[in-house]
Structure formats: structure tokens, C-alpha cells
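Encoded as C-alpha cells, the structure appears first; notes follow it.
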Amino acid sequence: MRSDAFRRVVAGRERELHTVMAGWMATPPGSLEEFVAAEREVEALRDEFAGYFQRHDALLCPVVPLPAHEHGAGELTIGNMTVPQRHVVRATVPFNLTGHPAVSVPFGSSGGGLPIGVQLVGRHFDERTILTLGAALETETDAGDRRPIP
């Protein structure tokens, strides 16, 4: 929520905010009905994942829908589609909303040599499983040994 305290902290420095935060600040707050509807959707998502994790120990999925991109890019091209930069977080949002533990693990690289990671997601309060799986995955690939070029 847009608190008065946050507005006081950034007062006079709004131009310094990241474009995502500036957009968030400029968006009018939703109604109570919209908030309740969104909470119901998140609860339905939690229920879906609860069913999944009754049958499976972990979920392996992308961290982002594309390889690493140029820092500061405002828009990204995926195939023949142009999307806002914030599109890259779409694969992590469900777990941020539901509170499932997740870890990003280096997995490989694109044809252009850019890093590609995978995300391991686990049951609530079962961080041990995803950390163990993440360590095993890093051991089985050489992606964990790669370091940024200075």
C-alpha cells in the first residue's frame, strides 16, 4: 500500500525513483472490493499449489522467460513480441504471492553465452528439500562454476 510514511521519505525526490516504483506511486489505490477479489485469487492459487505439493516434493520451472538481457533495458523482445522489462518476474510472482520457498539455480547458458537459471519451488516450510535439490543440480552442471566477466 502507498503509505504516507513512504510518500514523506521520497518527497522532493520522486524523479529518483525507479520507473516501476514511480508507476506504482502514480497508480490510484484500488477499492476494498478489488483487494478482496485479488486475495480470493491468491487463495485459489495457494489451493492449487497445495494439491500439487501433495503429489510432488518440488517444482522445477524457469526463473525468467528469457536469457539474461542488457542492464537497464526498458523493453525486451521475446520471439516477435515486445514486452515491458517487468515481464521477467512473471515466473516468480506466483511464489511471492503464495509464500512457497523457492531458489534460483544456475543451469546453463544461451547460444550467446548468457546465463540461464532454473527455479526450484517447494512445500511451505520445506526449504531443506529445495536447497538440497539446488545443491545437487549445481553439482551436476558446470553452470555453478561460471563467474561474471569483470
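Checked across the range 22-38, the condition of being over 20 Å from Leu97 (Cα atoms), at pLDDT 85 or above and surrounded by 12 or more Cβ atoms within 10 Å (Cβ to Cβ) holds for no residue.
Among the residues of the range 115-143, the one identified as touching a residue at least 24 places away in the same chain (Cβ under 8 Å), of a type outside the set (A, V, I, L, M), in a helix (DSSP H, G or I) and farther than 25 Å from Glu48 by Cβ is Glu138. Applying the condition of being touching a Ser or Thr at 6+ places or on another chain (Cβ under 7 Å) and at pLDDT below 95 to the range 39-70 and asking which residue is nearest to Val103 (Cα to Cα) yields Val63. Of everything listed in (1) within 30 Å of Arg7 (Cα to Cα); (2) part of a loop (DSSP other than H, G, I, E, B); (3) in contact (Cβ under 8 Å) with a residue 24 or more places away in the chain, the single unmet condition for Gly112 is (1). Screening Asp4 with (1) of a type in the set (D, E, K, R); (2) surrounded by 11 or more Cβ atoms within 10 Å (Cβ to Cβ); (3) free of Cβ contacts under 8 Å to residues at least 12 places away in the same chain gives one miss only, at (2).
The values are calculated or read from the model by the stated rules, or taken from the named source; none is laboratory data. Just so it is clear, the model here is predicted, and its values are computed rather than measured. Methodologically, a virtual Cβ is constructed for each residue, glycine included, from the backbone with ideal geometry; neighbour enumeration extends over all protein chains shown.
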